[in-house]
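K.L.:
The structure under discussion is supplied below as structure tokens; questions concerning it will follow.
The values are calculated or read from the model by the stated rules, or taken from the named source; none is laboratory data. Given the structure is predicted, the values throughout are model-derived calculations rather than measurements. Counting neighbours? That spans all protein chains shown, and the Cβs are built from the backbone with ideal geometry, glycine included.
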Amino acid sequence: MQISMSVNGNEVTRDIEPRVLLVHFIREELGLTGTHWGCDTSNCGTCVVLMDGQPVKSCTVLAAMADGHEIRTVEGLASNGALDPVQQGFMEEHGLQCGFCTPGMMLTARALLDKNPHPDDGEIRQAISGQICRCTGYATIVRSVQWAANHPVSSAATGDAADPSEAEEVTA
Ligand code: FES
Ligand code: FES
């Protein structure tokens, strides 16, 4: 069957088998491997992408169900060479270690902030409650999202780059 959808603002059309999951379509057909594939049982949330602005676990969505919809993956977060504030927040507040959960966490955070620009910690924890991080712990992830809420325009976008002397190596 033929499907078409917008992925990170680009129209894509492909012939696929009807049984193909969205996560495999994104990773293998489109080569966007920033969307991770973990449990394949709807538990870990590492496969989260945005469909029409809503976080969905792409291992539970058939690619055919995305026909005609707008998909946003982690590769679509930065724009014009500037990090999304959520991406910068994860860097500033050390919201990742291995980085496996990070694309899904950041997309869920982006969807939350688009709906609720000033969430409290409980609202952030509720938003990410369907996603598992096995190594960072959630405190710094919550702080990362709060950083983004407090910096709605990335400092990279304004040219107000962080003090390099404060930078730490990110090894994800
Ligand atoms: S791979 Fe989709 S929820 Fe784990
Ligand atoms: S940063 Fe390793 S699982 Fe979250």
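K.L.:
Within the set of pairs 6 or more residues apart or between chains, which connect a residue that is among the basic types (Lys, Arg) inside segment 44-66 to a residue that is surrounded by fewer than 18 Cβ atoms within 10 Å (Cβ to Cβ) with Cβ atoms less than 8 Å apart?
P.N.:
Pairs found: Lys57/Ser42; Lys57/Gly130.
K.L.:
Applying the selection to segment 24-39, what residues are closer than 22 Å to Leu96 by Cα, touching a helix residue (DSSP H, G or I) at 6+ places or on another chain (Cβ under 8 Å) and not aromatic (Phe, Trp, Tyr)?
P.N.:
Leu32, Thr33, Gly34, Thr35, His36
K.L.:
So is Glu70 surrounded by fewer than 19 Cβ atoms within 10 Å (Cβ to Cβ), more than 14 Å from ligand 1 (Cβ to nearest atom), at negative phi and without any contact (Cβ under 8 Å) to a residue 60 or more places away in the chain or not?
P.N.:
So Glu70 fails the test.
K.L.:
Now for a separate question. Mind counting the residues in segment 69-82 that are over 18 Å from Cys101 (Cα atoms) and touching a Ser or Thr at 6+ places or on another chain (Cβ under 8 Å)?
P.N.:
4
K.L.:
Can you name the residue in segment 70-100 that is of a type in the set (S, T, N, Q) and within 16 Å of ligand 2 (Cβ to nearest atom) and is also farthest from Thr35 (Cα to Cα) among such residues?
P.N.:
If we take residues in segment 70-100 being of a type in the set (S, T, N, Q) and within 16 Å of ligand 2 (Cβ to nearest atom), then Gln97 is farthest from Thr35 (Cα to Cα).
K.L.:
For the condition among the hydroxyl-bearing types (Ser, Thr, Tyr) and under 25 Å from Asn150 (Cα atoms), what is the one hit in Thr35, Thr60, Thr108, Thr41?
P.N.:
Details: Thr35 fails: under 25 Å from Asn150 (Cα atoms); Thr60 fails: under 25 Å from Asn150 (Cα atoms); Thr41 fails: under 25 Å from Asn150 (Cα atoms).
It is Thr108.
K.L.:
Could you check how many residues of segment 52-88 are hydrophobic (A, V, I, L, M, F, W, C), within 20 Å of Arg19 (Cα to Cα) and touching a helix residue (DSSP H, G or I) at 6+ places or on another chain (Cβ under 6 Å)?
P.N.:
Going residue by residue through segment 52-88, those that are hydrophobic (A, V, I, L, M, F, W, C) are 56, 59, 61-66, 71, 74, 77-78, 82-83, 86.
Subsequent filtering for residues that are within 20 Å of Arg19 (Cα to Cα) retains 56, 59, 61-66, 71.
Right, trim to touching a helix residue (DSSP H, G or I) at 6+ places or on another chain (Cβ under 6 Å) and you get 59, 61, 63, 66.
The number of residues fulfilling the criteria is 4.
K.L.:
Can you name every residue in segment 103-121 that is among the hydrophobic types (A, V, I, L, M, F, W, C) and either away from ligand 2 (no atom under 14 Å from the Cβ) or not in a helix (DSSP H, G or I) (or both)?
P.N.:
Ala111, Leu112, Leu113
K.L.:
Does any residue of segment 15-23 turn out to be assigned to a helix (DSSP H, G or I) and either in contact with a helix residue (DSSP H, G or I) (Cβ under 9 Å, 6 or more places away or on another chain) or more than 16 Å from ligand 2 (Cβ to nearest atom) (or both)?
P.N.:
Among the residues of segment 15-23, at least one is assigned to a helix (DSSP H, G or I) and either in contact with a helix residue (DSSP H, G or I) (Cβ under 9 Å, 6 or more places away or on another chain) or more than 16 Å from ligand 2 (Cβ to nearest atom) (or both), which makes the answer yes.
Yes or no, residue by residue, for (1) away from ligand 1 (no atom under 15 Å from the Cβ); (2) assigned by TED's automatic domain parsing to the domain that holds Cys133; (3) touching a Leu at 6+ places or on another chain (Cβ under 8 Å); (4) farther than 18 Å from Arg14 by Cα:
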| residue | (1), (2), (3), (4) |
| --- | --- |
| Thr33 | no, no, no, no |
| Gly45 | no, no, no, yes |
| Gly53 | yes, no, no, yes |
| Lys57 | no, no, no, yes |
| Phe90 | yes, yes, yes, yes |
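K.L.:
On the given criteria, is Val61 within 21 Å of Gln131 (Cα to Cα), in contact with a Lys or Arg (Cβ under 8 Å, 6 or more places away or on another chain) and within 11 Å of ligand 1 (Cβ to nearest atom)? If you could, list the steps in order and put the result at the bottom.
P.N.:
Details: within 21 Å of Gln131 (Cα to Cα): yes; in contact with a Lys or Arg (Cβ under 8 Å, 6 or more places away or on another chain): no; within 11 Å of ligand 1 (Cβ to nearest atom): yes.
When the stated conditions are applied, Val61 does not pass them.
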